[in-house]
Amino acid sequence: MYARLIALVLTLIVATLSVLFLRQWRLVNYPGHGPALIDTTVYRKQPPLLGETVCFHSPYNGGNRCGEISGLPGDTLDFNEGSFYVLPGTVYLTNPDSQERLGAVPTGLIRGRLIARLPF
């Protein structure tokens, strides 16, 4: 009975570590919210999708920021102040918590897709 339970727990641990290693998940500091878990390989296979939350390197403060993709290359976004065209090679991001506009971010600065914000 206990041998099966121990084997199950060990199998789950090995499987979890394998997924974390193979998918190259990383912990990054998400300012104002603490650590976040991101998948750094997802955009090697597919482009970012509308509505996804991504972490990116901010050229303004040198740190990490997270934002929700609200515009893809070629999209025209309408705001009260006017329209904004999303250029090729960029995505338009907003803060997922406050809907603050973060602006257009080059896709090369995206570090990965946000998987989870960690509570500690």
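Could you tell me whether segment 14-21 includes any residue that is within 16 Å of ASN95 (Cβ to Cβ) and either at pLDDT 85 or above or among the hydrophobic types (A, V, I, L, M, F, W, C) (or both)?
no
Kindly indicate which of VAL42, VAL91, VAL54 is in contact with a Ser or Thr (Cβ under 7 Å, 6 or more places away or on another chain) and surrounded by 15 or more Cβ atoms within 10 Å (Cβ to Cβ).
VAL91 is the lone residue from the list that is in contact with a Ser or Thr (Cβ under 7 Å, 6 or more places away or on another chain) and surrounded by 15 or more Cβ atoms within 10 Å (Cβ to Cβ).
Taking segment 96-107, which residues are over 16 Å from LEU50 (Cβ atoms) and part of a loop (DSSP other than H, G, I, E, B)?
ASP97, SER98, GLU100
The values are calculated or read from the model by the stated rules, or taken from the named source; none is laboratory data. Since the structure is predicted, the reported quantities are computational estimates derived from the model, not experimental observations. Note: ideal-geometry Cβ built from the backbone for every residue, glycine included; neighbour counts use all protein chains shown.
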